[in-house]
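Participant: The following block contains the structure, expressed as C-alpha cells.
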Amino acid sequence: MNHRAQRTRWSCRIAAVAVLQVGLAAAAVAADEPWAERTRALGATETMPSGPLSKDQLEVLTNTGKDLFEAHFTTLDGVGRPEATQAIDPTRRRHPREQVFFRTAGPDAGSCAACHNQPAIGGSGDFVANVFASEGFESADFDSLDPQFSSERGTNHLFGAGLVELLAREMSDELQSIRTRALSEARSSGTTVRLPLEAKGVDFGHVSADPDGSVNLDELDGIDTDLVIRPFTQKGVMTSLRQFTINALNHHHGMQADERFGPRWTGSDDFDGDGKSAEISSADVSALVAWQATLPAPVQLIPAASGWAEAAAQGETSFSDFGCTSCHRPALPLETLSFTDPGPFDQAGTLNDGQVSASAIYDIALLDWAKSLPRDEDDRVLVPLFGDLKRHMMTDNQIDVLGNELLSQRFVDRNIFMTAELWGVGSTQPYGHRNDFTTLDEIILAHGGNGREARDAYAAASESEKSALIAFLKTLVIVP
Amino acid sequence: MTTISPLLAISAVWLAALGQSASAQTAFTADVPTLHEEAASAGIDQSYTGGWEFFVGGGAASFDCNGDRLPDLLIAGGSAPAKFFVNESMTGGALAFKPMQTGLKAEDLTGVLGAYPLDIDNDRHTDLVLLRLGRNLVLKGGPDCSFEKANRSFSIDGGRAWSTGMSAIWEKGNRFPTIAIGNYVDRSAPGTPFGTCEPNQLLRPHPGDVPDYSDALRLEPGHCALSLLFTDWNRSGEPDLRITNDRQYYRGGQEQLWEMNQGRPPRLYTASQGWQRLTVWGMGIAETDFDADGLPEYALTSMGDTKLQKLDEEAGEDRPTYRDIAFEKGATAHRPYAGGDSKPSTGWHSEFADFNNDTKTDLFIAKGNVQAMPDFASFDPDNLLLGGFDDTFHEKGMEAGIALNTRGRGAIVEDFNMDGMLDLLVVNREHPASLFRNLGVATDWGQRALGNWIKIELDNGKINPSAVGSLISVRTGTRTQTRRIQIGGGHASGQTGFVHLGLGVSERATIRVQWPDGEWSHPYRVFANQHVRIIRGEANARYWYPVAQ
C-alpha cells in the first residue's frame, strides 16, 4: 500500500469516526431532554442514605422511590437481560435471548406498578399479573406454563411491608436468642437442652442443643434452619424488602442491581449483556426500599351499608371462634418503628448492616398514618396484620387444592406456604397463592392441613355466620 | 504514524462505548481480603531452624485436641522442639493461642520436620504422626489435648529415615488407615546426598481390633519425596498414591503415581499406561477440581514454575496423562511479584482454598529460598493467587498483606476464629511463624465482610469417623463445588476439622456426600454462613455454633 492509499483509507476512517461522534453526541443530547426515553429517577439518589433521616429527608427519598416503582424502565435504562436468567444467584443464560419481554421466565413487566396496582400503586395484582416463580437455574429457557417448570404466583400487596419486616427481624432475634440460650445451658450443664421456640407468641417448634455446640434442627416448625424469618413472598422465602427488590428488578425487568450483579460478584459491569452497565445503584435500591417500607398499613374500614357493621362484628367473633386466629393473628406486637436499611439479616448479595458504614434509619413514627396504629399497655405497636409470619402445611389427604404445584421453592415444599396476612384482603381479590379463587368463601374452604380445623368450623357454620365472616374480612382494606 | 495514534485512541474510546457488552469483562474485581499478621500478639512464637537437614520440612498440623472444634496447632521446630498451641480465639476476634505442655519429652519433639493429624484408631481423638529426622513418632490423642507415644501400641516402627511427607487413606474394607511415609535422602548411603534417595514406606494395617502396622512395605524406587497424596485421580473410587520428588538429589528419578491394588503391593504407573516423565524440584502437592467433574487438578510447587496439571482429555480414558495449564491460568508464580528480585522463586506448601468467599478457587503458595541459593530469589514472598471470574489467577499477595521477607515452608489455611473467613499460618525457616487473620475487605470506613460461606464436618460413624476420602459436593444455583477430605499433600503440613467453601452471594446450598465407601448421601439443604455437621444416617444436617461472646 502506498502512502496516498493509506492516507485515503485513514481519511475515511476519520470521517467515519467523526460521523459516529456527531451521532453519539446527538444521542447524548437527546437523552437529557425532558422527553427522553429513560427513567430520570434512576441515579437521582446520588449516595446511599445513612443515619437517621428527618421527615423531609425521608419524603424526598420516598418520592424518588415511588418514581422508580412507577417508572416504565426502558432499554436505555438497562431493561432486558439477554445473557442472564431470572435466577436470584447471578446465572448466565445458555443462549442469548432476542426478546426483551417474556411472559413466563421474564422480564415480564415494564414497571413494578404494572403488577402492584390494586387498589393503588404498591397494591396487589389481578390474575393477569401473576408471575412465574422458578429458581431459573436449570430451566431458564422454559417457554411452557407446565407447572413442572414454574409455580404461578399472585402479586402480593406491599402496604405495611415495613412493619412486616420489622416484626420479622424482632422475631428472628428472639428465636436466635433462644438458640443461644439453649447452647449456653447445654454447654454449662453438659446435657442436651431442648427449648420451645416461640416469638411474639408464635410457636416455631423446638430447638435442641448439645454440650458440644451442635444444634439439632429436626423439630423446627414453619421457619428456616437458620432461624431467620423470611416474611416476603407467598412461600416466605425472602428476608427483606431490599432482597426482594433486587430479585424483582432482575426477574421482572432485567434491571440488575450492582450490589449483586456488579463486578464484585460477577466480574462484569454488564452481567446481563444488554450493553448497559451500573443499571441500578445501591442508592436506587435504597430509595425503592424506603418507599415500600413506609407504605401505610391497611386498616379496618366498615362501609356505611346497612347491617355491615353488625355483620362484621359478628364475623370478627366467628373468625376467632372458628380458630382462624391461630394462624391469622389479629395483631403482633412491635417494639420499634425504626426501620434500618440495609438491615441485619441479609447475606452477601444484598447489602446488610455490616456491608455499609452506617445504615439509614427511617422512623416510621414520623409518618402520619403510623400515629393511628394501636398500642398495647407496654406502648408496643400492635401491627394488625392478621398473620403469624410462619409457614404452614396447607394440604391434607382430603383437601389438597393448595398443593397443586410440582416444584418446591427455595427448600420449601410445594404444599407449604407463609400464612397470608389478611390486612388489605378486602382490597385484593382474587385470592390464594395462585390468585385463582374468586371469592373468600372458596379460599377459606380450600384450607387443608394446618388450616383444616378452622376451615371445617367455617364449613359447618350457618350461612349467616359465614356471611358475617365475609363481611368482616371485607372491612380489612387498603386506604392509600 | 504519529498522527494516526490519537485517532486510533479516539476510535477505540467511541467503539468501546458502543460495544460495552463485548468489553464488559473487567480486571480482577472481587474482594481482596486483608490478611493481618498477628502471630506475636496471638501467642504464636515458633521458628523452624536447623542445619541442611532442615532446609526442607517446616510443617504444621491443625486439629482439634480439646473437643471445642477450634483448630489447635502443632508447629515443627526442626532442631528445636515442636510446639503445641491451644486455640483460644474469640469468634471473629483477634487470634489467640496458648502454648500447651503435653508432657512429651523435648527429645521426642526435636527433629520434627512436619506433622499430619488423623484419627488412626477410630476413637474420635485426633492422633498425630510426627515426621522426623530419624524415628517418626505416632502420638495417640486423648481427651483435653493429651498425647502419648503410640509407636509400640500401633506397632509402627518409625524407622530411621529422614521423613518429609505423608498421606493416609482408609482402603476399602479396612478398619484402620493405610499410611504412606515419604522419605528424603539416605544420608548413610555411599555418595550421599546425590543419587541416594531413601525408599518410601507404605504401612497397611493388619486385620484386627487394634492398629497393627508391623509389616511395612518399601515403595521402591524412592526419588527423594517431599509430598505425598492419596488421590482418586480417575474417579474410580480407589485412590492411588501420588508423590512429588525433589530432582535436586535423585538420579533418573521423576514424579510418581503408585497404583494401589487392594491387598497387593502398589505398582508404579508407567509410560505405557500414559504416565509421562516429569522432573521438578517437587515440594508440595495441592488438589482441587475446578469444574467438579471428578477428575482433579494438581498444583505442584517447585523451584521456578509451579505446575498446574489437568488430565489430558485427549489421552484416553483412565490414562494418567496430564497437561500443564499453569501458564494459561496465570498460576506459574515463577518469580517474585514484589521486591524487585527477578530470580526464580522457590515454592513449598501449596493449597487451594477460597480466601475471599467468592466461590472461585484460590491458590496459596509458601515461598522462600532454600537457604542462601544465589541463583534463586532471596526476597521471595508467599503467593496469594486469587481466582478471578475470568477463570485465571490474579496475584494479590501484596494487597492482602502477606508479602513478607520470610522463607516460607509449610502452612495451614484454616478459619482459626470461626468467622467463616480463612486465616493463614505460615511456618518460616529461621524466622518466627507468620499468622495472618483474615479481616475481610478494607474500605474507607473499615473492614467489610466477604461473601457467604459454609463449613462442613462429616461424621462417618465408628470406622474412619472423620470420613477421610469422602467427597463433598455443594450445589448453589448452577454451580457445583467439591472438596475431598484428604490427609496428605502440601509441604509437611496437614489439617483436620471443618471443610470450608465460599458461597459468594448464595444464601442456601444443597450438600451431598460421597462417603468413603462410595455411597452417596441424600441431599442436605442448608443455609449459608453456618457450620454444618453431617452425620451419616441422619435425615437432617445439624448446625454447630462456637461459644457466644
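Participant: Under 11 Å from a label point 7 Å along Cα→Cβ of B:Asp123: give me every residue in the stretch B:534-549 with its amide N that close.
Facilitator: Answer for the stretch B:534-549: none.
Participant: Nearest-5 percent of antiparallel DSSP beta bridges in chain B? Walk me through the numbers on the way to the answer.
Facilitator: Working: 116 of 127 bridges.
Expressed as a percentage, antiparallel bridges in chain B total about 90.
Participant: Modelled label-to-label distance, B:Asp459 and A:Lys55, 7 Å Cα→beta-carbon offset: nm?
Facilitator: In this crude spin-label approximation the distance works out to 5.8 nm.
Participant: For chain A, which span is the longest to avoid every loop-located (per DSSP) member of GluC sites (Glu not before Pro) having at most 11 other Cβ atoms inside 10 Å? Don't jump to the answer; show the numbers that get you there.
Facilitator: Numbers: sites that count: A:Glu46, A:Glu98, A:Glu377.
After excluding every exposed loop site, the longest remaining stretch is A:99-376.
Participant: Could you calculate the FRET efficiency of B:Asp375 with A:His95 from 1/(1 + (r/R0)^6), where r is the beta carbon distance between them and R0 is 51 Å, rounded to 0.05?
Facilitator: Details: r = 53 Å, r/R0 = 1.03.
In this case the efficiency is close to 0.45.
Participant: If you don't mind, another one. Under a point spin-label approximation (7 Å from Cα along Cα-to-Cβ), what is the B:Arg187-A:Asp203 distance to one decimal in nm?
Facilitator: If labels sit at B:Arg187 and A:Asp203, their model points lie 7.2 nm apart.
Participant: Within straight cross-link reach of A:Lys390, meaning Cα distance under 25 Å, which lysines are found once same-chain residues fewer than 8 apart are removed?
Facilitator: Once the sequence-local lysines are set aside, what remains near A:Lys390 is A:Lys200, A:Lys235, A:Lys474.
Participant: With only Lys, Arg, Asp and Glu charged, each at its Cβ (+1 for the first two, -1 for the last two), find how big the charge dipole of the protein assembly as shown is about the Cα centre; round to the nearest 20 debye.
Facilitator: Values: 90 positive and 136 negative charges, 557 e Å.
Using only the charged Cβ atoms, the result is roughly 2680 debye.
Participant: Restricting to Cα pairs below 8 Å that are 6+ residues apart, what does the relative contact order work out to for chain A? Please round to a whole percent. List each step's numbers first, then the result.
Facilitator: Details: 946 pairs, mean separation 88.6, N = 480.
Result for chain A is 18 percent.
Participant: B:Lys98: which lysines have alpha carbons under 24 Å from its alpha carbon, excluding same-chain residues fewer than 8 sequence positions away?
Facilitator: B:Lys83, B:Lys140, B:Lys149
Participant: Simple spin-label model, 7 Å along Cα-to-Cβ: A:Arg103 to A:Ala457 in nm?
Facilitator: Calculated label separation equals 4.2 nm.
Participant: Which of the chymotrypsin sites (Phe, Trp or Tyr not before Pro) found in the stretch A:37-104 are in a DSSP loop and have at most 15 neighbouring Cβ atoms, other than their own, within 10 Å? If you can, show how the numbers build up before the last one.
Facilitator: On the way: sites: A:Phe69, A:Phe73, A:Phe101, A:Phe102; in loops: A:Phe73, A:Phe101, A:Phe102.
Here the chymotrypsin sites (Phe, Trp or Tyr not before Pro) that fit, given the DSSP loop and packing criteria, are A:Phe101.
Participant: How are the Cα pair distances of the stretch B:61-151 distributed, in percent, across 10 Å bins from 0?
Facilitator: Calculated over all Cα pairs of the stretch B:61-151, the distribution is 18, 52, 26, 4, 0 percent.
Participant: A further question on this structure: Under the rule that an exposed site lies in a DSSP loop and has at most 11 other Cβ atoms within 10 Å, name the longest stretch of chain B with no GluC sites (Glu not before Pro) of that kind, not counting the sites themselves. Write out the running numbers ahead of the final one.
Facilitator: Values: sites that count: B:Glu317, B:Glu519.
Here the longest run is B:1-316.
Participant: Now, a different point. Taking 25 Å as R0, compute the FRET efficiency from the Cβ-Cβ separation of B:Thr279 and B:Ala315 and round it to 0.05. Walk me through the intermediate numbers first.
Facilitator: Numbers: r = 19 Å, r/R0 = 0.78.
Approximately 0.80, to the nearest 0.05.
Participant: Can I ask one more? Compute from the Cα atoms of the protein assembly as shown the Rg and the Dmax, the latter being the longest Cα-Cα distance, and quote both in angstrom.
Facilitator: Using the Cα atoms of the protein assembly as shown, the pair Rg, Dmax is 32.1, 113 Å.
Participant: Relative contact order of chain B: what whole-number percent is it, with Cα pairs under 8 angstrom and at least 6 residues apart?
Facilitator: Working: 1589 pairs, mean separation 84.3, N = 549.
Rounded, it is 15 percent for chain B.
Participant: Could I ask something else about it? State the volume of the convex hull built on the alpha-carbon positions of chain B, expressed per residue in Å³ and rounded to an integer.
Facilitator: Details: hull volume 94.8 nm³, N = 549.
Looking at chain B, the number lands at 173 Å³ per residue.
Participant: As a test of the formula, what do you get for the protein assembly as shown when each DSSP H run with n ≥ 4 contributes -39,500 (n - 2.57) and the sum is divided by the residue count, at 222 nm and rounded to the nearest 500 deg cm²/dmol?
Facilitator: The helix-only estimate for the protein assembly as shown comes to -5000 deg cm²/dmol at 222 nm.
Participant: Please list the equivalent ellipsoid semi-axes of the stretch A:163-216, computed as the square roots of five times the alpha-carbon gyration tensor eigenvalues, in descending order and whole angstrom.
Facilitator: Values: eigenvalues 116, 19, 10 Å².
Each semi-axis is √(5λ); the values are 24, 10, 7 Å.
Throughout, read-outs are computed from the coordinates displayed, never taken from laboratory work. None of the values given here were measured: they were computed from a predicted structure. Backbone-built Cβ (ideal geometry, glycine too); neighbour counts: all protein chains shown.
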